[in-house]
2 protein chains.
Amino acid sequence: MGMETVSRNKSFGGTQGVYRHQSSETGTEMTFSVFVPEHAPGAKLPVLWYLSGLTCTHANVTEKGEFRAACAEHGVIFVAPDTSPRGEEVPDDEGYDFGKGAGFYVDATEEPWATNFRMRSYIEKELSALVATEFPVDMERQGITGHSMGGHGALTIALRDPRRFRSVSAFSPIVSPLNCPWGDKALTGYVGADRAAWREYDACALIEDGARLPDLLVDQGTADGFLEEQLRTHLLAEACEKAGQPATIRMQEGYDHSYYFISTFMADHVAWHAERLKA
Amino acid sequence: MGMETVSRNKSFGGTQGVYRHQSSETGTEMTFSVFVPEHAPGAKLPVLWYLSGLTCTHANVTEKGEFRAACAEHGVIFVAPDTSPRGEEVPDDEGYDFGKGAGFYVDATEEPWATNFRMRSYIEKELSALVATEFPVDMERQGITGHSMGGHGALTIALRDPRRFRSVSAFSPIVSPLNCPWGDKALTGYVGADRAAWREYDACALIEDGARLPDLLVDQGTADGFLEEQLRTHLLAEACEKAGQPATIRMQEGYDHSYYFISTFMADHVAWHAERLKA
């Protein structure tokens, strides 16, 4: 496997790094960031995965997420992958909501996307294996979170493999690609017109179909311009209620979809994960 | 005067705004950001000015500075101006360290800079008056800080008018433009070859010439690539020592010149200012 260091900066007593590696899943170079708090030599730390939203790379949360103070305090490693394959040889779409920057954490089956757009397997398998090898992580103590499209990624990845994650949260997630324009465009494009095949990429459908987590935390701003048409948080609340899935879904008055919102509640989320990861 | 709102986002319970106005000092539109914490109706809050470094706009610290949590906790307004005039009609230099993005907080007397490069008067007078009018600030309780070129700006502005500021700090400041290549280029260009005229723009010279502050706080990373040639923190330590100027100058092991460093110590600085502003 192997990886190359793009940058390393001391921050909050630990190391914020950016790394690059050749991915066999996506067939491209992939860049990701990892914050490793100060720790005792030989110690293995719990790890929190953060999946980003549409148009983002690893850099958005790394620069604006304000997670390092809390991760340093709780001794949690923070991993932020990219949201899609990149490069001139990778197919793209004119929209911001499909193609590059919009991998939707699926394994595409439709052409021309199927070769490179394998973000599900990239996150679930390849990057996990790399992180386990290269960083002082305790892979028995993993949590996952994300924002918007990345909230969708976090919820669906965890619901499909609940034993891997001790803690799951999301900021303003897309809760049901089956029931919003972003999801409709992306899943039609990546996995085709058969909507039955979308259910493993839909948090609400996974819960309806019997998947369960010990609990989950969602923060959603009430002034988020995407709430009504795209995010539709109430569908997740209804699915959890109906299925008896424990969930803390907090509507945050006046907050929008930006990192000004995410950073406000980031320390809360890190603490929530740390409590479960260190229990 | 008047100003226009570019954006407003709820964050940490308060409002992070970006604003634009026509400056009579610089003859250009100027953009700045202000964070106003949640506060009781009618309350006036202390204000902390943050002056940015070379190449920066208001946006760098607004996005990466991680000041909002601490400002919300302590009830401090945070103002981040731009570092120079902008626009096609404004003269510029090929270097990153002179012209646009590099106003050095001076009033230029040399052509072609004298018309627009009036960042000293812009910060000291025009923007102060605008902020006093448009935001719920208690102008009797002002503090000032900044990074690199902005640390130079904060120290020199405060040393020239110590009664205005109850608290002064800096992150990796340029402590003596008289004694570094950045300062040599900028002050020669903006205020001319007579080095006696530079002394009011040099923190060490101001202290040598008798200016005093109640105290000051400086954090400087030991792994900062600019430390030895440009920042030369020891000159400030020596000037303070010689003059009996109280100063807390902390060399922070392993930190560089980036916002990964600034954000690490931002909460410390805000708390340090808040203690003095609210005393």
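The values are calculated or read from the model by the stated rules, or taken from the named source; none is laboratory data. What you see is a predicted model, and the numbers here were worked out from it, not measured in a lab. All Cβ positions, glycine included, derive from the backbone under ideal geometry; neighbour counts span all protein chains shown. Quick note on the areas: whole protein, heavy atoms, side chains included, nothing else; ligands and nucleic acids left out. Shrake-Rupley method; radii C 1.70, N 1.55, O 1.52, S 1.80 Å.
B:TYR105 falls short on exactly one of the conditions (1) part of a loop (DSSP other than H, G, I, E, B); (2) within 18 Å of B:SER33 (Cβ to Cβ); (3) open to solvent by 10 Å² or more (accessible area, probe 1.4 Å), and that condition is (3).
Within this structure, B:THR55 fails the test of being within 24 Å of B:ASP93 (Cβ to Cβ), out of contact with any Phe, Trp or Tyr (no Cβ under 8 Å at 6 or more places or on another chain) and not hydrophobic (A, V, I, L, M, F, W, C).
Every listed requirement among (1) touching a Ser or Thr at 6+ places or on another chain (Cβ under 8 Å); (2) open to solvent by less than 10 Å² (accessible area, probe 1.4 Å); (3) under 30 Å from B:LYS278 (Cβ atoms) is met by B:PRO85 save one, (3). Residues in region B:136-148 that are hydrophobic (A, V, I, L, M, F, W, C) and either buried (at least 18 other Cβ atoms within 10 Å of the Cβ) or in a helix (DSSP H, G or I) (or both): B:VAL137, B:ILE144.
Within the set A:VAL36, A:VAL18, the sole residue that is more than 23 Å from A:SER84 (Cα to Cα) and within 14 Å of chain B (Cβ to nearest Cβ) turns out to be A:VAL36. Only one of the listed residues (A:VAL76, A:VAL90) is in contact with a helix residue (DSSP H, G or I) (Cβ under 7 Å, 6 or more places away or on another chain), among the β-branched types (Val, Ile, Thr) and open to solvent by less than 30 Å² (accessible area, probe 1.4 Å). That residue is A:VAL76.
The single residue among A:ARG276, A:ARG250 that is of a type in the set (Lys, Arg), surrounded by 15 or more Cβ atoms within 10 Å (Cβ to Cβ) and at pLDDT 95 or above turns out to be A:ARG276. Note on region A:43-73: among residues that are more than 14 Å from chain B (Cβ to nearest Cβ) and more than 21 Å from A:LEU155 (Cα to Cα), the one that is surrounded by the most Cβ atoms within 10 Å (Cβ to Cβ) is A:LEU45. Across region B:1-14, the number of residues qualifying as within 14 Å of chain A (Cβ to nearest Cβ), touching a residue at least 12 places away in the same chain (Cβ under 8 Å) and not in a loop (DSSP other than H, G, I, E, B) comes to 3. The set of residues in region B:242-279 that are part of a loop (DSSP other than H, G, I, E, B) and within 14 Å of chain A (Cβ to nearest Cβ) comprises B:GLU253, B:GLY254, B:TYR255, B:ASP256, B:HIS257, B:SER258. Answer yes or no: is there a residue in region A:230-243 that is within 17 Å of A:GLY53 (Cβ to Cβ) and either open to solvent by 30 Å² or more (accessible area, probe 1.4 Å) or free of Cβ contacts under 8 Å to residues at least 24 places away in the same chain (or both). Within region A:230-243, one or more residues are within 17 Å of A:GLY53 (Cβ to Cβ) and either open to solvent by 30 Å² or more (accessible area, probe 1.4 Å) or free of Cβ contacts under 8 Å to residues at least 24 places away in the same chain (or both).
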